[in-house]
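S.K.: One structure is given below, represented as structure tokens, and several questions about it will come after.
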Amino acid sequence: MRQSLLPPAIAISMILLAMPLIGRCQETIGGGTISSPAMGPKPSYGIGGPGMVLVKNWHFGTSGTIKNYADMSANFLYHDQFGTIGNGTNYGAVIVAPDAANALPNQPVEGDACEPVRKFTSNSLITLLTPLYGATKVVPTQHNAGCGSFMAKWKLPNGGSLLGQDIVWETRVRYVTPPYFWFAIWTAGNKWSNGAEQDLVESFGYDNGGGNTNFDGRFWHSNAVAGKDTTDYGNWGKAMAGRGIAKFDGTAYHTWTWVYKKDNSYAMYVDGTMVQSGADYHWTNGSKATDAPIDMCFLFDGGWGHTQVGSVNKSLPASAFAGKYYEWSYSRVYLSNEAK
């Protein structure tokens, strides 16, 4: 039988194409610095420019970089930067820990206080809402609801001109929510006095009476606390429409992106559309140039209720949590040293 020979260049190309992609483009979590980057995609929509380096790549799901609870607990905390599980006592639902080893004193633990509040699919992390200790009615002020919120262990030492690097933070998420839910993707530091804090997105299931509700999360806002925002979200729907977003479906995936530059300017995007921006925002305790510098934490809240916001400080049958969830696809942080 005669064997035909391929030119060497073609043969090598065919071998490379047949090789498994693992090892050539497998994603990694990253070390958190430009000198210790992660392997993974560039920022969506080209936001931040070509100089952005992926430093943290939290791709949730069994096919991602955060595959299971071992990965989750190695990279995330089940409380906020002040060691509270409900934004102090503000949130109605408190964060549930997966086990005693990762719980704060008196924190509810899965399997004891409630059913699991987190589960991994092939390409996502689903966080749930659940009654605690068999409650049949959940009440924000009783904190008898649990949630799967989390915060990254990794943090930046500062932001803006004090960090000296541009930041892009991108998160892809969707949600199916009950009345009085509370959802936020935000950054803050180890001290707080009316900032620094930037809320990339915040939405809650308010009931303002007369059928004026946001139970499905179709309205939201983006803002920098005490910042010089260019878009006024005093009326969420009006502000969204002013940015060209006439309709929003929270049950579909959306990509939220925050840019904070070393010149202290900031911008926020959903699916590549800018929804907020501003300038001269200092990453300090109080967000003024003369205030003390603070660090920067990355928080993911998929919660319910609020004791200080009347429109969501309402009770609900625990059965209303059935079939409701937040689904997190990924979250990625990029840094750039490039001069502008």
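The values are calculated or read from the model by the stated rules, or taken from the named source; none is laboratory data. Everything numeric in this text was worked out from a predicted model, so none of it was measured. Backbone-built Cβ (ideal geometry, glycine too); neighbour counts: all protein chains shown.
S.K.: Please verify whether residue 319 is surrounded by fewer than 22 Cβ atoms within 10 Å (Cβ to Cβ), modelled with pLDDT of 95 or more and among the small types (Gly, Ala, Ser), treating the condition exactly as stated. Walk me through how you get there before you give the answer.
M.R.: Values: surrounded by fewer than 22 Cβ atoms within 10 Å (Cβ to Cβ): yes; modelled with pLDDT of 95 or more: yes; among the small types (Gly, Ala, Ser): yes.
So residue 319 fits the description; yes.
S.K.: Just need a number here: residues in the stretch 45-73 that are aliphatic (A, V, I, L, M) and surrounded by fewer than 16 Cβ atoms within 10 Å (Cβ to Cβ).
M.R.: Looking only at the stretch 45-73, we keep the residues that are aliphatic (A, V, I, L, M), and these are 47, 52-55, 66, 70, 72.
Of the ones still in play, those that are also surrounded by fewer than 16 Cβ atoms within 10 Å (Cβ to Cβ) are 70.
Final tally of qualifying residues: 1.
S.K.: Can you tell me which condition residue 174 does not meet? The list is (1) over 18 Å from residue 85 (Cβ atoms); (2) touching a residue at least 60 places away in the same chain (Cβ under 8 Å); (3) over 13 Å from the mean Cα position of the chain (by Cα), and all the others hold.
M.R.: (3)
S.K.: Filtering the stretch 252-296 down to residues that are outside any strand (DSSP E or B) and of a type in the set (Ser, Thr, Tyr), which residue is farthest from residue 48 (Cα to Cα)? Don't jump to the end; show me each part of the working.
M.R.: Applying the first criterion (outside any strand (DSSP E or B)) to the stretch 252-296 yields 252-253, 261-265, 271-272, 279-283, 285-292, 294-295.
The next check asks that each one be of a type in the set (Ser, Thr, Tyr); those that pass are 253, 265, 281, 287, 290.
Values: 253: 21, 265: 12, 281: 18, 287: 23, 290: 28 Å.
Per the criteria, the residue is 290.
S.K.: Please work out which residue is surrounded by the fewest Cβ atoms within 10 Å (Cβ to Cβ), limiting yourself to the stretch 85-98 and to residues that are out of contact with any Gly (no Cβ under 7 Å at 6 or more places or on another chain) and not aliphatic (A, V, I, L, M).
M.R.: 88
S.K.: (1) free of Cβ contacts under 8 Å to residues at least 24 places away in the same chain; (2) surrounded by 24 or more Cβ atoms within 10 Å (Cβ to Cβ): which one isn't true of residue 109, the others all being true?
M.R.: Of (1) free of Cβ contacts under 8 Å to residues at least 24 places away in the same chain; (2) surrounded by 24 or more Cβ atoms within 10 Å (Cβ to Cβ), only one is false for residue 109: (2).
S.K.: Need pairs with beta-carbon distance below 8 Å; first residue free of Cβ contacts under 8 Å to residues at least 12 places away in the same chain and within the stretch 265-285, second part of a strand (DSSP E or B) and surrounded by fewer than 18 Cβ atoms within 10 Å (Cβ to Cβ); sequence gap 6+ or separate chains.
M.R.: Cβ pairs passing all conditions: 267/274.
S.K.: Among the candidates 40, 51, 111, 46, single out the residue that is within 19 Å of residue 170 (Cα to Cα) and out of contact with any strand residue (DSSP E or B) (no Cβ under 9 Å at 6 or more places or on another chain). I'd like the intermediate steps shown before the answer.
M.R.: On the way: 40 fails: out of contact with any strand residue (DSSP E or B) (no Cβ under 9 Å at 6 or more places or on another chain); 51 fails: out of contact with any strand residue (DSSP E or B) (no Cβ under 9 Å at 6 or more places or on another chain); 111 fails: within 19 Å of residue 170 (Cα to Cα).
Criteria check complete, one pass: 46.
S.K.: Could you check the stretch 112-152 and list, in sequence order, the residues that are among the polar types (S, T, N, Q), farther than 30 Å from residue 311 by Cβ and either more than 17 Å from the chain's Cα centre (by Cα) or surrounded by 19 or more Cβ atoms within 10 Å (Cβ to Cβ) (or both)? Let's see the steps before the verdict.
M.R.: Step one: filter the stretch 112-152 for residues among the polar types (S, T, N, Q), giving 121-124, 127, 130, 136, 141-142, 144, 149.
This time we only want the ones that are farther than 30 Å from residue 311 by Cβ, so: 121-123.
Selection gives 121, 122.
S.K.: Can you tell me how many residues in the stretch 209-245 are more than 18 Å from residue 271 (Cβ to Cβ), assigned to a loop (DSSP other than H, G, I, E, B) and of a type in the set (Gly, Ala, Ser)?
M.R.: 6
S.K.: Given the criteria over 30 Å from residue 52 (Cα atoms) and over 20 Å from the mean Cα position of the chain (by Cα), does residue 324 qualify?
M.R.: Working: over 30 Å from residue 52 (Cα atoms): yes; over 20 Å from the mean Cα position of the chain (by Cα): no.
In short, no.
S.K.: Mind counting the residues in the stretch 292-320 that are in contact with a helix residue (DSSP H, G or I) (Cβ under 6 Å, 6 or more places away or on another chain) and of a type outside the set (S, T, N, Q)?
M.R.: Initial filter on the stretch 292-320 (in contact with a helix residue (DSSP H, G or I) (Cβ under 6 Å, 6 or more places away or on another chain)): 293, 305-307, 313.
Checking the rest, the ones that are also of a type outside the set (S, T, N, Q) come to 293, 305-306.
Adding up the residues that qualify gives 3.
S.K.: Of the residues that make up the stretch 74-84, is at least one of a type in the set (Gly, Ala, Ser), modelled with pLDDT of 95 or more and buried (at least 16 other Cβ atoms within 10 Å of the Cβ)? Steps first, please.
M.R.: Kept after step one, since they are of a type in the set (Gly, Ala, Ser), are these residues of the stretch 74-84: 74, 83.
Subset that is modelled with pLDDT of 95 or more: 74, 83.
Filter once more, keeping what is buried (at least 16 other Cβ atoms within 10 Å of the Cβ): none.
No: zero hits.
S.K.: Let me ask something else about it. Tell me which residues, restricted to the stretch 195-242, are more than 19 Å from residue 253 (Cα to Cα) and among the charged types (D, E, K, R).
M.R.: 197, 207, 228, 229, 232, 238
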